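Chemist: One structure follows; several queries about it will come next.
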Amino acid sequence: MDAANDTASSCPDRGVPAHVAVIMDGNGRWAESRGLPRVEGHRRGLEALRRTVRAAEDLGIRALTVYSFSSENWRRPAAEVTALLMLLRRFIRGDTVELHARNVRIRVIGDRAGLPEDIIALFEESESLTRNNSGLVFQVAFNYGSRDEIVRAVRRTVQDVAEGRLALDAIDETALSERLDTAGIPDPDLVIRTSGEMRLSNFLLWQAAYAEFVFTPVLWPDFDRRHLEEAVAAYRGRDRRYGGLSAAGGQN
Ligand code: IPE
Ligand code: IPE
Ligand code: MG
């Protein structure tokens, strides 16, 4: 019994990062290397996302944030942007009911201003349907850019001061965090980026201050449960010091 309790599946909380964030990159290269249109890579990327949500639930991860479309991705050709919006609609429309049945709470982060009305409505419907769920918190970053998010949070902070809801000297890290799109969700413990790129591309700059990073060459459409388990295993081997001294080192 004790031996069984040492495995991740029977003891899901032990050393498992509470919040994992993923930069799902490499869809285009996956498709291009097969002579397929880039949109086929995005379609297969959606399947990888479904697998990853399930694997995260099974591992006992409490929150999963995925970067699905950045505020800079509008620079891509119109046809690719349109295809990505269609896939997003299909995903939210088609998967919300099943995610709800699995007790998943859906949240969407990013700037909604200027997005198509029907997409905003889909976000609101899936968030309100799943609002009271107590299982995995599944955050989809769409039209998300971390600098844009921080600017919007600063604007809200200034407005709250101007309108008397917040004292100037009450502005601190908590006050700003509470005005970010991710308010109420603890910072990510682990950030994974696929496709071999080693940059944040404007993702969770504030929240990832003390995250551990795992970069894998795997292209996102190929990502599966095993790769998530490998990233979690790498995370478990890390020594998180937060500027202090290692817990193990302190005893030696
Ligand atoms: C990630 O894959 C998906 C989005 C950014 C929307 P990419 O489309 O960036 O794939 P690569 O990096 O071109 O291979
Ligand atoms: C980051 O990937 C955004 C998403 C995965 C949605 P990009 O492919 O847009 O990032 P860059 O352009 O290579 O930095
Ligand atoms: Mg990319």
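The values are calculated or read from the model by the stated rules, or taken from the named source; none is laboratory data. Everything numeric here is computed off the predicted structure, so don't read it as measured data. As a convention, Cβ positions derive from the backbone with ideal geometry for all residues, glycine included, and neighbour counts pool all protein chains shown. When the accessible area is computed, the model is the full protein with side chains, heavy atoms only, and any ligands, DNA or RNA have been set aside. Shrake-Rupley method; radii C 1.70, N 1.55, O 1.52, S 1.80 Å.
Chemist: Those residues that are open to solvent by less than 70 Å² (accessible area, probe 1.4 Å) and part of a helix (DSSP H, G or I), I need them from segment 155-166; list them, please.
Modeler: Of everything in segment 155-166, those that are open to solvent by less than 70 Å² (accessible area, probe 1.4 Å) and part of a helix (DSSP H, G or I) turn out to be Thr157, Asp160, Val161.
Each row is one residue, and each column tells you yes or no for (1) within 16 Å of ligand 2 (Cβ to nearest atom); (2) more than 11 Å from the chain's Cα centre (by Cα).
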| site | (1), (2) |
| --- | --- |
| Arg179 | no, yes |
| Ala183 | no, yes |
| Pro186 | no, yes |
| Met198 | yes, yes |
| Phe203 | yes, no |
| Trp206 | no, yes |
| Ala209 | no, yes |
| Glu212 | no, yes |
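Chemist: Assuming Phe142 fulfils every condition listed in (1) closer than 19 Å to Ser70 by Cβ; (2) in a helix (DSSP H, G or I) apart from one, which condition is it?
Modeler: That leaves (2) as the condition not met.
Chemist: Determine, yes or no, whether Arg29 is closer than 21 Å to Ser201 by Cα, within 16 Å of ligand 3 (Cβ to nearest atom), surrounded by fewer than 18 Cβ atoms within 10 Å (Cβ to Cβ) and of a type in the set (Lys, Arg).
Modeler: Numbers: closer than 21 Å to Ser201 by Cα: yes; within 16 Å of ligand 3 (Cβ to nearest atom): yes; surrounded by fewer than 18 Cβ atoms within 10 Å (Cβ to Cβ): yes; of a type in the set (Lys, Arg): yes.
Against the criterion (closer than 21 Å to Ser201 by Cα, within 16 Å of ligand 3 (Cβ to nearest atom), surrounded by fewer than 18 Cβ atoms within 10 Å (Cβ to Cβ) and of a type in the set (Lys, Arg)), Arg29 qualifies.
Chemist: Mind listing whichever residues of segment 128-150 are open to solvent by 40 Å² or more (accessible area, probe 1.4 Å) and of a type in the set (Asp, Glu)? Explain how you work it out, then say what you get.
Modeler: Just the residues of segment 128-150 that are open to solvent by 40 Å² or more (accessible area, probe 1.4 Å), to begin with: 128-129, 131-132, 134, 147-148, 150.
Within segment 128-150, just Asp148 meets the criteria.
Chemist: How many residues are within 13 Å of ligand 2 (Cβ to nearest atom) and either over 19 Å from the mean Cα position of the chain (by Cα) or over 19 Å from Phe203 (Cα atoms) (or both) if we restrict to segment 53-76?
Modeler: Qualifying residue count, segment 53-76: 3.
Chemist: Collect the residues in segment 82-120 that are charged (D, E, K, R) and exposed (fewer than 13 other Cβ atoms within 10 Å of the Cβ), keeping them in residue-number order.
Modeler: Arg90, Glu98, Glu117, Asp118
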